[in-house]
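Colleague: Okay, handing you the structure first.
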Amino acid sequence: MAVRHRSARRIALAVSLVTAWVVGSTVGTTSGPTSARAMPFFQIEQAHAEHVPVLDGSEPIFVLLIGSDARPGEAVGELRADSIHVVAINPAASKMTIVGFPRDALVPIPGFGTTRINAAMVSGGPELVLETVEDLTGITMDYWALTGFRGFDAMITQVGGLTMDVPFSVVDSAAEANIPAGRQQLTGDDALAFARARHALPSGDFGRSENHGRLIIAALAQLKREFTRDPSRLLVWIGAGLRNAQSDVPLDQLMSLAFTATTVNPKRVVNIVLPGSVGMSGTTSIVSLNQTELQTISHDLESDGLLKRANIPPSPNAQLLS
């Protein structure tokens, strides 16, 4: 049983390690002053000191990924949470589910009333984002990972670019994106542009959130391929990920945990965005989440980290995929 315990823990934290740098691509550019370069790029922590995750493989493991809107020189944990994803890992099946939250979703934020979910971090840091998501879903998170966009371009460069099968062309002048459809090697700039683009997508931020999941899956797939060919490539990925990192997990343990990220099957990852409708509250754009689907998805996910086919909502980019 001890071996299974270690294996489940390795899968959970290794996936959060590999995916954390992807979520940081949501906004901005990678240029900035020297003081910004000294700031931690991402942080991984256990969600609750009093909560001991069940890590023997018998229960799913949940990681909350938060991408900050912080610009160079700004505190990553004090700005808007512009990218919010729950990653549910089923260690026994080597499967994963990615659930994106629209950044403009109008939700109750504990202690601050009802407002857009991306404001939670401004009011109370990543801990308040965590509390908000847990209240919405009823799911207790095991870990959270906070990322900023700084360094994203450099990390892609350090691993030699990101191979991705782009499902549709993305042309968005606001994001400086001009990416054709098809399998290709994305540079750091290209991957960042793909992650930022929303104006060219028919569903806007819903589609952008789904594309964040696509980048996560592409990163996991590339890691798995490279590790299979040459196990030493794992050290390159770890080095790219841990530069300017902060975590309560010792470095040697993180290196060991990252090894098991190669066990996740990218073809068995389900990537969704919570459905909702777009509206206005005064002059502010908001998203009203479909509460029935939110509760159905949350309840289904909580049981084993997986979603029944009937509970998987349509892709927000379906119009571009047809």
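Each reported figure results from applying straightforward, stated rules to the coordinates on display, with no laboratory input. In this text the structure is predicted, and so the values were computed from the model without any measurement. Backbone-built Cβ (ideal geometry, glycine too); neighbour counts: all protein chains shown.
Colleague: Could you tell me the distance between the Cα centroids of the stretch 179-197 and the stretch 47-66, to the nearest Å?
Modeller: So the separation of the two Cα centres works out to 32 Å.
Colleague: Take each of the peptides 156-165, 43-52, average the number of other beta-carbon atoms within 10 Å over its residues, and list them starting from the highest. Before the final figure, lay out the partial values.
Modeller: On the way: 156-165: 17.6, 43-52: 14.3.
Taking the mean over residues of other Cβ atoms within 10 Å, the ranking is 156-165, 43-52.
Colleague: I would also like to ask the following. Report the gain in length on full extension from Asp248 to Val54: 0.36 nm times residue separation, minus Cα-Cα distance, nm rounded to one decimal.
Modeller: Additional length available on full extension: 68.0 nm.
Colleague: Counting only other residues whose beta carbon sits under 12 Å from that of Lys95, what net charge do I get with K and R as +1, D and E as -1? Let's see the in-between values first.
Modeller: Values: positive: Lys267, Arg268; negative: Asp304.
That works out to +1.
Colleague: Local charge sum around Gly305 (other residues, Cβ-Cβ under 13 Å, Lys/Arg +1, Asp/Glu -1)?
Modeller: Cβ neighbours under 13 Å give a net charge of -2.
Colleague: A further question on this structure: What are the lysines whose alpha-carbon lies under 23 Å from the alpha-carbon of Lys308, with same-chain residues fewer than 8 places away excluded?
Modeller: Lys95, Lys267
Colleague: Could I ask something else about it? Ranked highest first by the average count of other Cβ atoms within 10 Å around their residues, in what order do 278-285, 171-178, 101-108 fall?
Modeller: Highest-to-lowest ranking by the protection proxy: 101-108, 171-178, 278-285.
Colleague: Among Thr115, Thr137, Thr292, rank each residue by its count of other Cβ atoms within 10 Å, from fewest to most, as a rough exposure measure.
Modeller: Thr292, Thr115, Thr137
Colleague: With each label point set 7 Å from Cα along the Cα-Cβ vector, what nm distance links Lys224 and Ala181?
Modeller: Distance between the two pseudo-spin positions: 2.4 nm.
Colleague: Once the other residues with Cβ under 11 Å from the Cβ of Asn265 are scored (Lys, Arg +1; Asp, Glu -1), what is the net sum?
Modeller: Details: positive: Lys95, Lys224, Lys267, Arg268; negative: none.
That sum, taken over residues with Cβ under 11 Å, equals +4.
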